[in-house]
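Take a look at the structure set out below.
The values are calculated or read from the model by the stated rules, or taken from the named source; none is laboratory data. Model, not experiment: these values are computed from the prediction. Cβ placement follows ideal geometry from the backbone for every residue including glycine, while neighbour counts extend to all protein chains displayed. Side chains included, ligands, DNA and RNA excluded: accessible areas come from the protein's heavy atoms. Shrake-Rupley method; radii C 1.70, N 1.55, O 1.52, S 1.80 Å.
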Amino acid sequence: MGATKRLALAQAVNSVGGGAFYASSALFFTRVVGLSVAEVGFALTLAWAVGAVAGVPLGQLADRFGARRIAVALAVVTAGALALFPVVRSWPAFLAAACLYTSGQSGLQAARQALLAGLVEPERRVRVRAALQSVLNAGLAVGAGLGAVALHLDTPAAYLTVFAVDAAGFLVAALVLLGLPEVVVRVSGPKRAGVLRDRPYAVVALLNAIILLYMPMLSLVIPLWIVQRTEAPAWVVGALFVLNTGAVVVGQVRLARGVTDLRTAVRSVRRGGVLLLVSCGVFALSEGRGAWVAVAVLVVAAAVQVVGEMFHGAGSWEIGFGLAPADKQGQYQGFYGTGTAVARTVGPLLLTTLVLGGGAWGWLALGGLFLAAAPAMGPAVRVASAPGDLDRSEKSLASVDGTR
C-alpha cells in the first residue's frame, strides 16, 4: 500500500470515530457523568487552548525524532484519553482527560502534516491534502450517523460504544501509520530559528485563523440562527450539514487542482474570502422571510459558503507547507494548526455575539472580517517568503530512508 493510501486509510478510520464522538459526547458528559452544560463548555474551551499551545512542541518532537514515530505515539495517547472519558466522574478529572485528548489531537495533526510533507513531493501536497479532506468529511458523515443512533438509544452502553469505536479508530490508525517509512530530515546551511521567532509566518497564521471562523459559523451560529431568527423548519440544520459535507467530498479535490504554488494559493484564499463575505450577506437575507423562502435562501448561502471554504482550504494548505522550512515542518504545521483551535476557542462567543446579537449587521461585520483577512494574505505571504519564492513552493530537503 502506497504512502498516500495509508494516510487516507488512517484519516478514514479516525474520522468515522470522530464523527460519532462529536455528535454524541456532549450528552454523555451531561447526562451520564453529571456535568452541567457550562462546565463542559468551559472545560473544552480550556482544553482546546492547551491543545493549541501543545501543538508546537509536539510538532518539534516530530522534526527531531521522526514524524511517523511521533504520529503513532500520539495516536495511542489520544486513544488512551478516550478510554479515560467513560470513567471520569468529576470536573477536574474531565478537564485533565480533555486536555490530554486535545493535546494528542493537535500534536497528531502536526505530525501527520509533517509526514505528508516528507513523503509527498511539493507539487502534489495540496492535491493529496484535498483528497484527505474529502475522506475526512465522508468519515465524519458516517460517524455522525453512528452518533445519531447513540443519541436515539440514549443509554450509557450506547455512548460507551461510541467512545470504544473512536478509541479503536486511533489504534487502527497507529497500526496503519506504522507501515509508512520514517521521514529523515537532512538540514543544509545555517540553523534556522524556530517558528515562535518567525514573525511573518505568525502573521500569516493569524490571518488564516481569522478566516477559519467559518468553522464555528457552520457548527454553531448557523443552527442557532435558523432556530432563533428564521421561519425555516429545524430539519434544515441537518440538511445544510449534509450539503456541506457532500460538497467537500465531491468538490475539494477538483478545486485544489488550480493551486500549484504560493501565487495561486494566495489567489485561492482571496476568492474564498470573497465568497464567505457573499455567503454572510445571503444568510442575513433569510431573516423575516416565509418558511420556504427562508429555506431557499439558506441553501443558497450554505452552497456559496462551502465553495468559499474549499477555496480557502486549498490555498491555506499550500501556504502552510510552502512557507515552512523543510527541516521544521512539524513545529511549523503545529503552529499553523493552532488556527483551528483558536477558531474553536474564540469563535463561539465572538460569532454568537456578532450574529445573534446584531442580526443582519452582525452577518455583514463577520463577512467584513473574512474580506479583510483574505486579501491581506497576499502581502503577508510576500513578506514571509524569500524574494522570488512567490511563484513556487518550497523544495523539500527531507528524504525518506535516505532516498527520494
Over segment 152-163, the set of residues surrounded by fewer than 17 Cβ atoms within 10 Å (Cβ to Cβ) and in contact (Cβ under 8 Å) with a residue 40 or more places away in the chain is 154, 156, 160
Close pairs from segment 344-358: first within 18 Å of residue 45 (Cβ to Cβ), partner open to solvent by 40 Å² or more (accessible area, probe 1.4 Å) and among the hydroxyl-bearing types (Ser, Thr, Tyr), Cβ under 7 Å, at least 6 apart: 345/45
Give the residue, chosen from 118, 107, 139, 143, that is in contact with a Phe, Trp or Tyr (Cβ under 9 Å, 6 or more places away or on another chain) and in a helix (DSSP H, G or I). 143
Considering only segment 329-364, how many residues are at pLDDT 90 or above and among the basic types (Lys, Arg)? 0
Keeping to segment 72-94, report how many residues are under 19 Å from residue 159 (Cα atoms) and hydrophobic (A, V, I, L, M, F, W, C). 11
Pairs, first closer than 13 Å to residue 330 by Cβ in segment 62-88, second outside any helix (DSSP H, G or I) and β-branched (Val, Ile, Thr), C-beta under 8 Å, six or more apart: 63/185; 66/183; 66/184; 67/183; 68/183
Assigned to a loop (DSSP other than H, G, I, E, B) and either open to solvent by 10 Å² or more (accessible area, probe 1.4 Å) or under 22 Å from residue 195 (Cα atoms) (or both), is that true of residue 89? yes
Within segment 1-45, restricting to residues that are surrounded by fewer than 15 Cβ atoms within 10 Å (Cβ to Cβ) and within 29 Å of residue 126 (Cβ to Cβ), the one that is farthest from the chain's Cα centre (by Cα) is 1
Considering each of 133, 113 in turn, give the residue that is open to solvent by 10 Å² or more (accessible area, probe 1.4 Å) and under 17 Å from residue 251 (Cα atoms). 133
Between a first residue in segment 222-240 that is open to solvent by 40 Å² or more (accessible area, probe 1.4 Å) and assigned to a loop (DSSP other than H, G, I, E, B) and a second residue that is modelled with pLDDT of 85 or more and of a type in the set (Lys, Arg), which pairs have beta carbons less than 7 Å apart while being 6 or more apart in sequence or on different chains? 231/289
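This table checks each residue for (1) assigned to a helix (DSSP H, G or I); (2) at pLDDT 95 or above; (3) among the aliphatic types (A, V, I, L, M); (4) open to solvent by less than 50 Å² (accessible area, probe 1.4 Å).
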| site | (1), (2), (3), (4) |
| --- | --- |
| 254 | yes, no, no, no |
| 278 | yes, yes, yes, no |
| 283 | yes, yes, no, yes |
| 300 | yes, yes, yes, no |
| 309 | yes, yes, no, yes |
| 316 | yes, yes, no, yes |
